[in-house]
Amino acid sequence: AAGFEAHGIMVPDRESYFFKPNLMQSDRLNGNIVLVKLNGKDIFCNPGAAFTPFGMLPWPETGVQGLQLDKKESTWVPSLVPTPEQARTEHRASLTLSDTGDLEGKLTVTYTGIEAAQMRREERNADAAERKKYLEDAVKETVAVACEVSLTNQPEWKNSELPLVAEFGFKVPGYAAQAGRHALIAASIFGAREKHLFDHAERVHPIYVQYPYTETDDIDIQLPAGRKISSL
């Protein structure tokens, strides 16, 4: 109606199965997206997908072969493959190391793009207490040691165009390991999920990644009075 060239596309759900066009399993084309030509670019949209920013798709509809429906003939076209920057998680922490080795301070976690949309859809019917636990557990999963996490703000759950920003009070008891006159601390705090991804030299099964993503950490640690860095 607005004069743009647009096409409807039937797509499979790759969260549930791997679709192969040559098998002609039409019942697996159970999703609908729209391809719009805008200034020479292909824009993929799913107007019915909750909390999905403009020009993006829910991850189960990305990177699949879809059937583009036209009056003359239908053709197979690949759907959008998101970039890592379109699913970004950022940890920004301002922490203080105590004389007893405890690490404590403020942590802000910002989720954008597909990452934020996925979390909003998962928690769309949850109450405030459940959402609070959900976000706190998400932080705890990224820390390899026991930590204390408490949500301190009210994140924006309904606006799909804004990042999902969560602020926490954060504490890791006994983070520094005492070794005589020295204390050893790990520079990386939020890498628990990556620690044992590729332990084996040989791989038996292929690795499946739901979508490309980016995680960045910006961590500031204030040392106790009288302490200084001896080596890195």
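The values are calculated or read from the model by the stated rules, or taken from the named source; none is laboratory data. Bear in mind that the values here come from a model prediction, so they are computed numbers and not experimental data. Heads up, the Cβs are rebuilt from the backbone with ideal geometry, glycines too, and the neighbour counts pull from every protein chain shown. Heavy atoms of the whole protein, side chains included, go into the accessibility calculation; ligands, DNA and RNA do not. Shrake-Rupley method; radii C 1.70, N 1.55, O 1.52, S 1.80 Å.
Structure values in brief
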quantity	calculated
R0 of 30 Å, Cβ-Cβ distance GLU194-ALA129: FRET efficiency to nearest 0.05	0.50
Inter-label distance for LYS71 and LEU232, nm, one decimal - labels placed 7 Å from Cα along Cα-to-Cβ	6.5 nm
Computed label-point distance, nm, for sites ALA201 and ALA225 using a 7 Å Cα→Cβ extension	5.4 nm
Stokes-Einstein D for the range 113-232, Kirkwood Rh over Cα pairs, 25 °C, 0.890 mPa s (µm²/s)	139 µm²/s
In sequence order, calculated HN-Hα J values of the range 157-162 (Karplus, 6.51, -1.76, 1.60; Hz; x Gly/Pro)	8, 9, 8, 6, 7, 9
Apportionment of accessible area to carbon and sulfur, the chain, percent (1.4 Å)	52 percent
The chain - mean residue ellipticity at 222 nm from DSSP helices (-39,500 (n - 2.57) per run, n ≥ 4, rounded to 500)	-3000 deg cm²/dmol
Contact order normalised by residue count of the chain, Cα under 8 Å, 6+ apart, percent	21 percent
Ratio Rg/Rh, restricted to the range 133-173 and using Cα atoms, in which Rh is the Kirkwood radius	1.03
Residues with amide H under 5 Å from that of THR96, placed H, sequence gap 5 or more	GLU104, GLY105, GLN222
Cα-derived Rg to Rh of the range 1-54, Kirkwood definition	1.03
Accessible area of the chain divided out per residue, in Å², using a probe of 1.4 angstrom	63 Å²
In degrees, nearest ten, helix 113-122 long axis to first principal axis of the chain (Cα)	90 degrees
Ordering of 135-144, 175-184, 209-218 by packing [mean C-beta count within 10 Å, highest first]	135-144, 209-218, 175-184
Projected area averaged over orientations for the range 149-190, convex hull of C-alpha atoms, nm²	4.2 nm²
Mean projected area in nm² (Cα convex hull; one quarter of hull surface) for the chain	18.4 nm²
Distance in nm between pseudo-label sites at SER98 and LEU162 (7 Å out along the Cβ direction from Cα)	3.4 nm
Column: log10 I(q)/I(0), Debye, Cα scatterers of the range 42-158, q = 0.14, 0.19 Å⁻¹	-0.74, -1.08
Residues in the range 195-232 that a label on ILE185 would reach, taking backbone N under 16 Å of a point 7 Å out along Cα→Cβ	218-232
Relative contact order of the range 113-222, defined on C-alpha pairs under 8 angstrom at six or more residues apart (%)	22 percent
Model label zone, GLU215; criterion: amide N under 12 Å from point 7 Å along Cα-to-beta-carbon; scope the range 101-139	138-139
